[in-house]
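All remarks here apply to the structure that follows.
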Number of protein chains: 2
Amino acid sequence: MKTRKIAIIGLGNIGQAVVKNIKKYSSLISRRTSLKIELKKVCDINKRKRKIADKFSIPFTANPLDLIRDPQIDTIVELVGGIEPAYSFVRGALKEKKNVVTANKALLASKGREIFSLARKVNRKVGFEASVCGAIPLIRSVSEGLVGCEVKKLYGILNGTTNYILYQMQKGNIDFNASLAEAQAKGFAEKRPSLDINGIDSLHKLSILSYLCYGVWPNLNKVYTEGISKISLLDIRYSAELNYRIKLLAIAKRNDGLLDLRVHPTLVPAEHPLSQTSSAYNAVYCDTNPAGELLFYGQGAGGPATSSAIISDIVNIASYENGFMRKEEKVSFRNTKDLKMRYYVRFMAQDASGVLAKISKVLASFNISIASVTQKEHKLRKCVPIIMITHEAKEDSIRKALSKIDNFKFIKYPSQVIRIEDL
Amino acid sequence: MKTRKIAIIGLGNIGQAVVKNIKKYSSLISRRTSLKIELKKVCDINKRKRKIADKFSIPFTANPLDLIRDPQIDTIVELVGGIEPAYSFVRGALKEKKNVVTANKALLASKGREIFSLARKVNRKVGFEASVCGAIPLIRSVSEGLVGCEVKKLYGILNGTTNYILYQMQKGNIDFNASLAEAQAKGFAEKRPSLDINGIDSLHKLSILSYLCYGVWPNLNKVYTEGISKISLLDIRYSAELNYRIKLLAIAKRNDGLLDLRVHPTLVPAEHPLSQTSSAYNAVYCDTNPAGELLFYGQGAGGPATSSAIISDIVNIASYENGFMRKEEKVSFRNTKDLKMRYYVRFMAQDASGVLAKISKVLASFNISIASVTQKEHKLRKCVPIIMITHEAKEDSIRKALSKIDNFKFIKYPSQVIRIEDL
């Protein structure tokens, strides 16, 4: 039986789960693959983590170079997170001719090009199944399963924290802050949740999927990214009345040769599987040629679920001689301003005559036509909410029209706009 | 750029789609993988299929040995279907040291052990992504993505034809025969649909999943397999009233060291994603350790969707040196008679006093307790339908009790029993 010696840098939540599950399932893996996975050493710069290593009788070091320079180790698992020092560890491991397995989406989104290029140069592999959608074998499905397919559209709920918050707002009829507090209390949101809330974590994952589907690492600053902090309970309720749910979607579409990448809260038809993705689950829906529509659903985060993806990378790298190596491509991006879609718009206006006429006139002047209007009778903060669903309109026109409408004196709060994907 | 020369035997619906999509997507595949897939020759014993080859300017032969013995060909794609002569072609190709890609679930379910054992001996690979769930990269997800996971439960809608028929019965309020006729008219069912209707196709696919998840090829004659031809519109309606849908599920569960494999119509909670798998789609839900719950959804049949899976196998075999090779394991099976679950039972009884008492007495004598009873007021064929949901009961007890109840003179039709999976 072939033995593969691995080492782990970073003994946080995920690192500990990897240690535990490699121990627990090593005989299962050996039966399935005739491979023995030996955890040779673990590392954390926090020396108090030694007791975790001791519990499993694995040698511990607080110095990552001890692993990176150990000639017996085949594969380094990087679970440090963030850009530095993780990037140095990954580069160091590759330069020492070791394979790398990582769950670090921030690192790949920023330095993926350099990391894969170095891996190609030294003829070693980088496993990153755990970087997107935790336990769902999505990286493998997209890069291998759909290797002969074009991905026309991909919509992903890639962040469990924000999905949990939006789901609880809807289910529990509570506002954003209350839902965030609940998510933090239950361990679904971190104490400093801004990377999740602001959509940056979803953006990092979308960037990795963009590389797999289209061969391009986008400039992270140029991808339209909007988080969920502005979503109010009102919007959750009104969109439900219109038979929609609000989800934070990462979106990739290519048509007419232009690639369109975005992250933003989106109205999704209530009966669509993405709408039914509850709690902290992740889901990815894609429409492809010739494989048609596909949906993947599972746990996107948490130690045990993520450890499954990391272990699958360790085993598969050990089983295969040549891993997936995607070539980069030149791709033109669709300008967000040129997007055309339907929009949900909520105005908060004083209850005065002529308000609807004035709003409608501005919309018409930007060629935005209205599919439905609901004016709520009850007043909120001395205003009446006016909910509109538009026909397909240009993003640029919507932005300009709303900025003009928001200047009216009878508009008391900035207007809310949420994009609709009818899927 | 490395070139991989392949050949196809069988130019039916799927074979033609593979030819077309290899041509259409070869430059995409080359960009992604630096591999050139060259379709060197195609074969069909029906000489009239030559015109398909001509259309794509590919050499044609009616003799499979022309491909199998061609030393230039790396990989043979077997799309003949059935056991023989497909089995001879696959054995021949492996003996000539060629890799094999197949969509043939009947062949693998019957001869998988021999085929994989021969492949191991000659150090060649067998790709079979297309054999289960068409376009869904399920084989890859289970064998590679879940390589370090135990699969506690797996529920699959693995057959599009039967799902289409059941779905249309429910949606269109039509009976089994009308729905089957519609499925045939729309190309979702074959003219001779018995392999689908009787659950045999699902059984073949379940057998392959059993090999992947548990390392065991079951004896096909010993796996409890029940088709959908006995499902009446009544049952569809009554189960909907109880907030269930009826789906033909392939089920694999392992607990207490016993493996439980079955194929049968099943009541599934209406809000579960499996219930929402509409039309001819396939879906697989599994509950695993440590990856948790996963759901895969997509097109399970049809030329284009299936060609995507075949092409992914061709490319991945060409990319990797050592493919997946599962070792067989010794597994004990759970006896179907010892199953315990809840049941939906429908009796068709004469409307006479004491009927319910007599039925209940028999059930009680077998330790079957009743969770709910609904007696329908309207008479059907001079009988009243009595719908019962039982508490958890032994399969053996249910069978014995029903056979006793069916002997009552007031029971006019054989009782209907459908298992419930509360998932």
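The table for this structure:
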quantity: Burial of 30 Å² or greater, region A:270-292 residues [accessible area, probe 1.4 Å, versus chain by itself]; calculated: A:Gln276, A:Tyr281, A:Pro290, A:Ala291
quantity: Label spacing, shortest first and in nm, from A:Asp396 to its equivalents in the remaining copies (7 angstrom along Cα→Cβ); calculated: 7.6
quantity: Relative contact order computed over region B:68-142 (Cα-Cα under 8 Å; 6+ residues apart), in percent; calculated: 29
quantity: FRET efficiency for A:Ser372 and B:Arg91, using Cβ-Cβ distance with R0 set to 60 Å, rounded to 0.05; calculated: 0.40
quantity: Percent accessible area from carbon and sulfur atoms, region B:223-335, protein chains only, probe 1.4 Å; calculated: 46
quantity: Residue-averaged [θ]222 nm for chain A, counting only DSSP H segments that reach four residues, each worth -39500 (n - 2.57); calculated: -11000 deg cm²/dmol
quantity: Solvent-free Debye scattering, log10 I(q)/I(0), computed from the Cα coordinates of chain A at q = 0.08, 0.15 Å⁻¹; calculated: -0.49, -1.35
quantity: Percentage relative contact order, chain B, counting C-alpha pairs under 8 Å, at least six apart; calculated: 16
quantity: Chain B - share of DSSP beta bridges that are antiparallel (%, nearest 5); calculated: 65
quantity: Region B:2-131 - percent of accessible surface contributed by carbon and sulfur, probe 1.4 Å; calculated: 48
quantity: B:Lys337 - accessible surface, heavy atoms, 1.4 Å probe, Å² rounded to 10; calculated: 100
quantity: Residues whose placed amide H lies under 5 Å from that of A:Leu259, excluding near-sequence neighbours; calculated: A:Ser332, A:Phe333, A:Arg334
quantity: For A:29-35, mean number of other protein chain Cβ atoms within 10 Å; calculated: 5
quantity: Gyration tensor verdict on region B:89-207 (Cα atoms; rounded if a/c is under 1.5, prolate if a/b is larger than b/c, oblate otherwise); calculated: prolate
quantity: Average accessible area per residue (Å²) across the protein assembly as shown - probe 1.4 Å, nucleic acids and ligands excluded; calculated: 40
quantity: Largest to smallest accessible area among B:Arg120, A:Arg140 [probe 1.4 Å]; calculated: B:Arg120, A:Arg140
quantity: Debye intensity ratio in log₁₀ form over the Cα atoms of region B:233-385, taken at each q of 0.08, 0.09, 0.12, 0.20 Å⁻¹; calculated: -0.41, -0.50, -0.81, -1.42
quantity: Cβ-Cβ FRET estimate between B:Ser360 and B:Lys412, R0 fixed at 30 Å, reported to 0.05; calculated: 0.95
quantity: Compactness index (Cα Rg / 2.2 N^0.38 Å), the protein assembly as shown; calculated: 1.01
quantity: Electrostatic dipole magnitude of chain A [Cβ: Lys, Arg +1; Asp, Glu -1; Cα centre; debye, to 20]; calculated: 980
quantity: Value of Rg/Rh across region B:338-420 [Cα atoms, Kirkwood radius]; calculated: 0.94
quantity: For chain A, built as a Gaussian network whose Cα springs stay under 10 Å, the top-fluctuating residue of A:Asp44, A:Asp256, A:Asp287; calculated: A:Asp256
quantity: Spin-label model distance (nm) - B:Ser34 vs B:Leu242, 7 Å beyond Cα toward Cβ; calculated: 5.9
quantity: Eligible lysines near B:Lys376 by straight Cα distance, threshold 19 Å, same-chain separation 8 or greater; calculated: B:Lys358, B:Lys412
quantity: Ranked order, A:Lys379, A:Lys361, A:Lys394 - accessible area, probe 1.4 Å, largest first; calculated: A:Lys361, A:Lys379, A:Lys394
quantity: Partners for B:Lys205 among lysines (Cα-Cα distance below 19 Å; same-chain residues under 8 apart left out); calculated: B:Lys105, B:Lys111, B:Lys152, B:Lys153, B:Lys222, B:Lys247, B:Lys253, B:Lys327
quantity: Projected label distance in nm at B:Ser194 and B:Leu380, using a 7 Å step from Cα toward the beta-carbon; calculated: 2.7
quantity: Pair-distance profile P(r), taking every C-alpha pair of region B:144-239, with 10 angstrom steps and integer %; calculated: 15, 40, 27, 16, 2
quantity: Convex hull (Cα only) mean projected area of region A:138-300, reported in nm² to one decimal; calculated: 9.4
quantity: Three-way shape label, region A:89-147, alpha-carbon gyration tensor, a/c 1.5; calculated: prolate
quantity: Accessible carbon and sulfur surface of region B:338-420 relative to its total accessible area, %, 1.4 Å; calculated: 49
quantity: Pseudo-label separations to other copies for A:Val373 - Cα-to-Cβ vector, 7 Å, nm; calculated: 5.9
quantity: Under-5 Å amide H pairs with B:Val77, H placed in peptide plane, nonlocal only; calculated: B:Ala7, B:Ile8, B:Ile9, B:Val101
quantity: Accessible surface buried once A binds B (1.4 Å probe; total of both sides; Å²); calculated: 4700
quantity: Shortest-first distances to equivalent copies, position A:Ser360, nm, label 7 Å out along Cβ; calculated: 6.3
quantity: Span from the region A:37-69 Cα centroid across to the region B:371-421 one, whole angstrom; calculated: 62
quantity: Residues A:Ala178 and B:Asn63, FRET efficiency given R0 of 60 Å [Cβ-Cβ distance, rounded to 0.05]; calculated: 0.25
quantity: Residues of region A:112-161 buried by at least 20 Å² on assembly (accessible area, 1.4 Å probe, chain alone as reference); calculated: A:Ala135, A:Pro137, A:Arg140, A:Ser141, A:Glu144, A:Gly145, A:Val147, A:Gly148, A:Cys149, A:Glu150
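The values are calculated or read from the model by the stated rules, or taken from the named source; none is laboratory data. What you see is a predicted model, and the numbers here were worked out from it, not measured in a lab. Note that we place each Cβ from the backbone using ideal geometry, even for glycine, and neighbour counts take in every protein chain shown. Please note that ligands, DNA and RNA were not included when accessible areas were found on the heavy atoms of the full protein model with its side chains. Shrake-Rupley method; radii C 1.70, N 1.55, O 1.52, S 1.80 Å.
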